[in-house]
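Just so it is clear, none of the values below were taken in a lab; they were calculated from the coordinates. Predicted, not measured: the structure shown is a model, and the values here were computed from it. Heads up, the Cβs are rebuilt from the backbone with ideal geometry, glycines too, and the neighbour counts pull from every protein chain shown.
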Amino acid sequence: MTNHWIDVKNADVILIMGSNAAENHPISFRWITEAQKNGSTLISVDPRFTRSSSKADIYAPLRSGTDIAFLGGMIKYILENKLYFKEYVVNYTNASFIVNDAFGFSDGLFTGYDEKKRSYDKSKWAFETDEKGIPKKDPSLKHPRCVFTLLKKHYDRYTLKRVSDVTGTTESQLLEVYKAYSATGKPDKAATIMYAMGWTQHTVGVQYIRAMCMIQLLLGNMGIAGGGVNAMRGESNVQGSTDHALLFHILPGYLPTPAASIPSLAVYNEKNTPKSGDPRSANWWQNRPKYITSFLKSVFGDKATAENDFGYNWLPKIDDGKPYSWLDLFDAMYDGKIKGLFAWGMNPACSGANANKTRKAMAKLDWMVNVNLFDNETGSFWRGPGMDPANIKTEVFMLPACVSVEKEGSITNSGRWMQWRYEGPKPLGNSRPDGDIIMELGLKLKELYAKGGVFPDAIANLKWDYLTNHKYDPHKVAKEINGYWLKDKTIGEVTYKAGSLVPSFALLQADGSTSSGNWLYTASYTDKGNMAARRGQEDAPNKIGLYPGFAWCWPVNRRIIYNRASCNPKGQPYNEKRWVVKWDAEGKKWVGDVPDGPWPPMQNPDGSQREDGRYAFIMVKEGHAQIYGPGLNDGPFPEHYEPLECPIEKNLFGKQRINPAAPVYSADVDAFATCDARFPFVATTFRLSEHWQTGLMTRPQPWLLELQPQMFVEISEELAKLKGFKNGERVKVSSARGSVECTTIVTKRFKPFKISGTVVHEVGVPWHFGWRWPESGKEESANLLTPSTGDPNTRIPESKAFMVNVAKI
Amino acid sequence: MSKAFFIDTTLCTACRGCQVACKQWHNLPAEKTTNKGTFQNPADLSFDTYKLVRMREEIIGGKLRWLFFPEQCRHCLEPPCRDTAGEPTAIYTDKETGAVLYTANTKGLDVKEITEACPYNIPRASDDGTLAKCDMCIDRVQNGLLPACVKTCPSGAMNFGDREAMLEMAKKRLKEVQAKFPKASLLDPDNVSVIYLTAFDPKIYHEFSVASRHSPGITRQVALKKMASPIARFIRALG
């Protein structure tokens, strides 16, 4: 979240799209409810009418996989009706930037496409720059190649009729949503978007979110109270695990993973540190060398020296351009190229797309270590449906982990709040905290590598000293993440003593005198104590629900990021009633939330430019938020493409049916079926409030199983009539990859869509089930149906839009 | 001071945290259920289920509404079940809170008579004829805690406190809600300790959302029972 949970109460309009807050983030409804009591409008856009929709003032259905069409139509509506916040757009976004004439778009393709590689040459999308490398601008927004003009041109094709033909949303429903939402393009109005996996799990997932960012920027809704782009994470610590580099392409703190072609730290820094010739751009990532060096010092301790590049070459490298995502790993495993698997706190046999492929891939492993609370469909895959244990050689080890309440440590919630939690009851039986298991594993590896092995330095040189009394110490790890001064250092008039904790990431150094396991978390655990453990109940002076003394939030306890954009260039808030920060000219400082950097605003009170001011969007090289995003793999503007499996032959927006950069896999189990009479219905997956993830913690729980006992499929009354289904009868739902038995829920909450004049039916299945529980073994995972393809930027699988059949058993 | 619930169904998201919290606090067993083509489960209240979120899909004024009704005993101010039983060791009202409480002694009562006396169709019997229903989490309330269902509710639909405060909250909220839903109403607020607010005609939510046959006095059956009970007790004492 750019903002945070409580801040939802400040919104005038709340859009729940690509998510289902009432069912999947129930507590968020406390703040939605508060906003509604204050007169705000709640909009729910979802293929099916959900428990969130039941509380909405406006509900609009759309066919799964068509959100870019829906949002593209909104962009056109905002532009045509001049509802954008012009001062904000000119000052804070790249709308005025002039794009190189190499950029172009026709027939669904941007310039620079290589069909064989299924990828783009992004250099074709660059800005036109001056001699200092600064993008040329036209603040009148009239230049034929400025972003604003290109934006208008790109979305000119997103007419109400065409959008309606693609999404199945009626024109009047579209207009109702567009009108309500874009009414917040005024300085004193705010709208927020709450999204989740309904947006990410598509071949165009990142571009869904981009489209919404663009809308928020056009309306001036970024950086303000009640605004922002807010990802509701699917698990209490997803934000924390992302910050600490769960994903293959990053190290902790969003530092790029070194590639094999980058031989030294100097080259790494050269390639990964953006340079701006514009003195008024803070270009915060220019500090990257400080963060990577401090990270290396944290990992390798005294062994990391300037002479050995701080151990840079002991870090694992990825082959240039090669993805190592979930889809790719299981593809390689299916191919027999991966021999061992740690399934840690996960249940791949149920959680990943194309679960049949995943399960078959696991049968090719030599060994698997399953670290979890209970045995699950993954640890027991060899005795699952369709498996012959006699023919499976995989050796499975089960390491029982204790549950979250039995251990101490932190989680970071969707709102970026790091919250410390204490140990409640002691771990049950032989179960242990994950930290304990990891520590011991590391120590054992160090012991084994001391005796030799391939490239032992990477393991042997790990600092790995987080034990107290022979046990994992979460405080030591939290301090390591924050970082230490490793030498006495005097900066200005302050001397920092070696061994003390670094108070802020602004002080981290590139010379090896500081350590930090994750620069974003520097300031979370200082000599003043464990900031995450704070439970202060006082709000900040602006009284917008920031509660700065409760827990701690990255970066540097800033509760609403990009908050400089909540003010005009003179540093005064656009909305006095819900101000976030403001410049105190006498005190020469910002007050309110922690500002995005200490620099003064862009202008003096008399409107003259200040040379010491900085642009609002400090993490972007040019300092301006990106309405035009030339960094993504599939284009600088979001374009509607159909899901890999879709019900229509032709994309009504262009010749390209699917995202031209989406990954496609070609193992025998990667079957697809588009416009195939065998699989005529659109399907989507969803979650329920009654179960959690793959259900490992909830399906064995009788009280929860009582509420949602069986796998089911939601079907419209119209489709039920067409196929002769009764409510509550067992049917088979199948795709090109697998099938699942389901109980029908025939409901008014699903309605057939009219797509280009044709009736298209959609059905929905929850994904919480698996054969281990309930005991019947008949309630299986929805991921047996979903395809192995995903987003070209994140490679998140496309589990939210695919094609199925539903038949009587 | 007597206590009351205020249940604002316009805020209920049917997360059913209340339903689970009730089972957890009372340590009630889960029922073996199947999916019957609806999210609502179990299908009905039972000896082991005191709290049930009822769900209905209705088209009202051309718009689809998914209506949620978190049902429980209303703890009537003059409970017909208590008066029908006429047996304070089986059914009685806790003076301090107004909670209507059932004991193990309900086993000796006439199940049909008691259940039929209830205008909200709440009490349920076990196989041996013992009756059970919501007890207002009396053990929690007496120790200064909120009832489990209220404590767990994330959206503010479930509220609990002194009767006067709850009534005031309900009336204030009714006005707010009526701006959006003109037919909104409070259900039997003068007769019960569990005051519901619904946005539409309460009968659409659930057949027994409002009293099926409420009378300000007592029914003939209850009157007879009341007259008879001292004699019955006298006879039992003789025996």
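When you restrict to C-alpha pairs under 8 Å that are six or more residues apart and normalise by the size of segment A:671-804, the relative contact order lands at 34 percent.
For segment A:511-556 and segment A:84-129, compute the distance between their C-alpha centroids and round to whole Å. Here the answer is 37 Å between Cα centres.
Summed over qualifying helices (DSSP H, 4 residues or more, each -39500 (n - 2.57)) and divided by its residue number, chain A shows a 222 nm mean residue ellipticity of -6000 deg cm²/dmol.
Debye sum, Cα scatterers, segment A:326-406, no solvent: what log₁₀ I/I(0) at q = 0.13, 0.14 1/Å? The Cα Debye sum returns log10 ratios of -0.36, -0.42. Taking chain B as a whole, the Cys residues whose C-beta sits 4.7 Å or farther from every other Cys C-beta are B:CYS12, B:CYS15, B:CYS22, B:CYS76, B:CYS81, B:CYS118, B:CYS137, B:CYS153. In plain terms, the chain from A:VAL403 to A:ASP511 could stretch by 34.8 nm, reckoned as 0.36 nm per residue minus the Cα-Cα distance. Between A:ILE318 and A:LEU246, the FRET efficiency from the beta-carbon distance, with R0 = 25 Å, is close to 0.95. Taking Cα centre as origin and charging only the Cβ of basic (Lys, Arg, +1) and acidic (Asp, Glu, -1) residues, the dipole magnitude of chain A rounds to 860 debye.
Whole-percent P(r), segment A:662-734, all Cα pairs, 5 Å bins from 0: 3, 11, 17, 16, 17, 15, 14, 7, 1. Per residue, the convex hull spanned by the Cα atoms of segment B:63-203 amounts to 132 cubic angstrom.
Between the residues B:ILE91, A:ALA533, A:MET803, the greatest Cα displacement towards the positive end of the dipole of the protein assembly as shown, with unit charges on the Cβ of Lys, Arg, Asp and Glu, is found for B:ILE91. What are the lysines whose alpha-carbon lies under 21 Å from the alpha-carbon of A:LYS117, with same-chain residues fewer than 8 places away excluded? Partners within reach: A:LYS322, A:LYS655.
Candidates A:HIS154, A:ALA69, A:PHE85 compared by Cα position along the dipole of segment A:39-189: farthest toward the positive end lies A:ALA69, with charges placed on Cβ. Rounded to the nearest 20 debye, the dipole size of segment A:228-335 about its Cα centre is 460 debye, using +1 on the Cβ of Lys and Arg and -1 on the Cβ of Asp and Glu. Measuring nothing but how far apart in sequence close Cα pairs (under 8 Å, 6+ apart) lie, relative to its length, chain B scores a relative contact order of 28 percent. Here's how it looks for A:ARG432: its modeled amide H is under 5 Å from those of A:ALA401, A:CYS402, which are all 5 or more places away or on a different chain.
Per residue, the convex hull spanned by the Cα atoms of segment A:28-141 amounts to 207 cubic angstrom. Rounded to the nearest 10 degrees, the angle from helix B:17-26 to the longest Cα principal axis of chain B is 30 degrees. Taking other C-beta atoms within 10 angstrom as a stand-in for reagent exposure, A:SER172, A:SER513 fall in the order A:SER172, A:SER513, fewest first. For segment A:289-341, compute Rh as the Kirkwood radius over C-alpha pairs and then the Stokes-Einstein diffusion coefficient at 4 °C and 1.567 mPa s; write the answer in µm²/s, rounded to an integer. D = 97 µm²/s.
Which of A:VAL591, A:PHE617, A:ALA662 sits farthest toward the positive end of the charge dipole of segment A:588-668, with +1 on the Cβ of Lys and Arg and -1 on the Cβ of Asp and Glu? Farthest towards the positive end: A:VAL591. When only the Cβ of Lys, Arg, Asp and Glu is charged (+1, +1, -1, -1), the dipole of segment A:91-215 relative to its Cα centre reaches about 80 debye. Sequence-ordered 3J(HN,Hα) estimates for segment B:117-130 from the Karplus curve with 6.51, -1.76 and 1.60 and θ = phi - 60° stand at 6, 6, x, 10, 6, 9, x, 10, 10, 7, 4, 8, x, 6 Hz, glycine and proline given as x. Taking the fewest neighbouring Cβ atoms within 10 Å as the starting point, the ordered list for B:VAL100, A:VAL763 is A:VAL763, B:VAL100. Taken along the Cα-to-beta-carbon direction at a fixed 7 Å, the label points for B:GLN178 and B:THR34 span 4.7 nm.
Using the Cα coordinates of segment B:148-209, the gyration tensor eigenvalues translate into equivalent-ellipsoid semi-axes of 18, 14, 13 Å, sorted from longest to shortest. Legend: calculated FRET efficiency, A:GLU729 to B:GLU116, from the Cβ-Cβ distance at R0 = 22 Å, rounded to 0.05, equals 0.05.
What separates the Cα centres of segment A:657-713 and segment A:727-761 is a distance of 13 Å. In terms of surrounding Cβ atoms within a 10 Å radius of their Cβ, A:SER689, A:SER524, A:SER19 rank from fewest to most as A:SER689, A:SER524, A:SER19.
D by Stokes-Einstein for segment A:512-647, Kirkwood Rh over Cα pairs, 10 °C, 1.306 mPa s: 90 µm²/s. Summary of the geometry: segment B:147-198 and segment A:451-490, compared by the centres of their Cα atoms, lie 56 Å apart.
Compute the Rg/Rh shape ratio of segment B:4-139: radius of gyration over Kirkwood radius, all on alpha-carbon atoms.
Radius of gyration over Kirkwood radius for segment B:4-139 works out to 0.99.
For chain B, the 222 nm mean residue ellipticity estimated from helices alone, with every DSSP H stretch of n ≥ 4 adding -39500 (n - 2.57) and the total spread over all residues, rounds to -8500 deg cm²/dmol. Considering segment A:692-809, its Cα convex hull presents a mean projected area of 8.7 nm². Dividing the Cα radius of gyration of segment A:85-192 by 2.2 N^0.38 Å, with N the residue count, gives 1.32. Looking at segment A:228-355, what % of the alpha carbon pairs are farther apart than 19 Å? Value for segment A:228-355 (Cα pairs over 19 Å): 62 percent.
Rounded to the nearest Hz, the phi-derived 3J(HN,Hα) couplings of segment A:141-153 under the Karplus curve 6.51 cos²θ - 1.76 cosθ + 1.60 (θ = phi - 60°) are 6, 10, 4, x, 10, 7, 3, 4, 5, 5, 4, 4, 5, where x marks glycine and proline. Amide H to amide H, with H built 1.01 Å from N, B:GLU71 comes under 5 Å of B:LEU52, B:VAL53, B:ARG54, counting only residues 5 or more places away or on other chains. Taking every DSSP bridge with both residues inside segment A:648-784, close to 50 percent are antiparallel. Along segment A:195-206 the Karplus relation, 6.51 cos²θ - 1.76 cosθ + 1.60 evaluated at θ = phi - 60°, assigns HN-Hα couplings of 10, 8, 5, x, 9, 7, 8, 8, 5, 10, x, 4 Hz to successive residues, with x for each Gly and Pro. Test of understanding: what is the full-extension gain from A:ARG145 to A:VAL664, defined as 0.36 nm times their sequence separation minus their Cα-Cα distance? Length difference between fully extended and current span is 183.5 nm.
Close amide H partners of A:MET398, meaning residues 5 or more places away or on another chain with modelled amide H under 5 Å apart, are A:ASN370.
Within segment A:493-511, list the residues whose amide N lies under 16 Å from a label point set 7 Å along Cα→Cβ of A:THR273. So the set is A:506-511.
Annotation: the antiparallel percentage among DSSP beta bridges lying fully within the protein assembly as shown is about 65.
The translational diffusion coefficient of segment A:1-61, from Stokes-Einstein at 10 °C and 1.306 mPa s with a Kirkwood hydrodynamic radius over alpha carbon pairs, comes to 140 µm²/s.
Whole-percent P(r), chain A, all Cα pairs, 20 Å bins from 0: 15, 49, 33, 3, 0. If the segment from A:LYS152 to A:ILE438 were pulled out straight at 0.36 nm per residue, it would be longer than the present Cα-Cα gap by 97.7 nm. For segment A:193-284, the fraction of C-alpha pairs farther apart than 20 angstrom is 59 percent.
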